[in-house]
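Note sheet for the following structure.
The values are calculated or read from the model by the stated rules, or taken from the named source; none is laboratory data. All values reported here derive from a predicted model rather than from experimental measurement. Note that each Cβ is placed from the backbone with ideal geometry, even for glycine, and that neighbours are counted across all protein chains shown. Keep in mind that these areas ignore ligands, DNA and RNA; they rest on the heavy atoms of the full protein, side chains included. Shrake-Rupley method; radii C 1.70, N 1.55, O 1.52, S 1.80 Å.
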Amino acid sequence: GNGGGGQVLGVSTILPELPNSCTPLLTSYMRMGKKNDSEEVKKLQQFLNDNVGTTLPITGFFGPLTHAAVMKFQLGHFDQVLKPWGISLPTGYVFKTTQRWINLTHCSTLDIPMPQL
């Protein structure tokens with residue numbers, strides 16, 4: 001026998017089943033030209049495809065296509081993302097307010113206060 005110690009990557013059966021709970025989709029800041037966590041970028045790309053109507057390949061690479069899709073999201077949620085900074089042009093950076101609004105869009109029951117800017 002193999003002892004039954006096999007693990008399936010990406011699947012966890014240890015977490016308790018909590019009703020109506022969800023966790024933040026993104027936990028790190030990302031932008032083009034930075035060393036990004038590819039798993040986080042993949043989640044971002046899938047989110048953008050689902051919510052902005054883009055057709056990004058889910059590569060885990062934050063390139064010009066992902067950058068443009070983030071800017072589209074930022075413009076579409078101007079009041080929640082750009083206005084707090086007092087800016088009108090999108091940055092393409094997944095930083096404090098963008099990350100927060102992506103997480104709240106992904107899971108509206110999360111309690112994420114506006115970060116210190």
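If you go through segment 43-61 and keep only what is in a helix (DSSP H, G or I) and either open to solvent by less than 70 Å² (accessible area, probe 1.4 Å) or of a type in the set (A, V, I, L, M, F, W, C) (or both), you end up with 44, 45, 47, 48, 49, 52.
Looking at residue 26, is it open to solvent by less than 30 Å² (accessible area, probe 1.4 Å) and among the aliphatic types (A, V, I, L, M)?
Working: open to solvent by less than 30 Å² (accessible area, probe 1.4 Å): yes; among the aliphatic types (A, V, I, L, M): yes.
Here the answer is yes, as residue 26 does meet what is asked.
Okay, residues lined up against (1) within 15 Å of the chain's Cα centre (by Cα); (2) of a type in the set (Gly, Ala, Ser); (3) under 17 Å from residue 25 (Cα atoms):
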| site | (1), (2), (3) |
| --- | --- |
| 70 | yes, no, yes |
| 74 | yes, no, yes |
| 81 | yes, no, yes |
| 85 | no, no, no |
| 89 | no, no, no |
| 95 | yes, no, yes |
| 101 | yes, no, yes |
| 105 | yes, no, yes |
| 109 | no, no, yes |
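Taking the criterion of being touching a strand residue (DSSP E or B) at 6+ places or on another chain (Cβ under 9 Å) and either within 13 Å of residue 93 (Cα to Cα) or surrounded by fewer than 19 Cβ atoms within 10 Å (Cβ to Cβ) (or both), the residues of segment 29-42 that qualify are 29, 30, 31, 36, 37, 41. If you go through segment 67-81 and keep only what is surrounded by 12 or more Cβ atoms within 10 Å (Cβ to Cβ) and within 22 Å of residue 107 (Cα to Cα), you end up with 69, 70, 71, 72, 73, 74, 75, 76, 77, 78, 80, 81. Here segment 91-110 is the region considered, the condition is being part of a loop (DSSP other than H, G, I, E, B) and among the β-branched types (Val, Ile, Thr), and the residue that is surrounded by the fewest Cβ atoms within 10 Å (Cβ to Cβ) is 109. Test of understanding: among 64, 84, 19, which residue is surrounded by fewer than 12 Cβ atoms within 10 Å (Cβ to Cβ) and at pLDDT 95 or above? So the residue among 64, 84, 19 that is surrounded by fewer than 12 Cβ atoms within 10 Å (Cβ to Cβ) and at pLDDT 95 or above is 64. Close contacts from segment 62-86, counting a first residue that is assigned to a loop (DSSP other than H, G, I, E, B) and a second that is aromatic (Phe, Trp, Tyr), with Cβ to Cβ under 9 Å and a gap of 6+ residues or different chains, come to 77/101.
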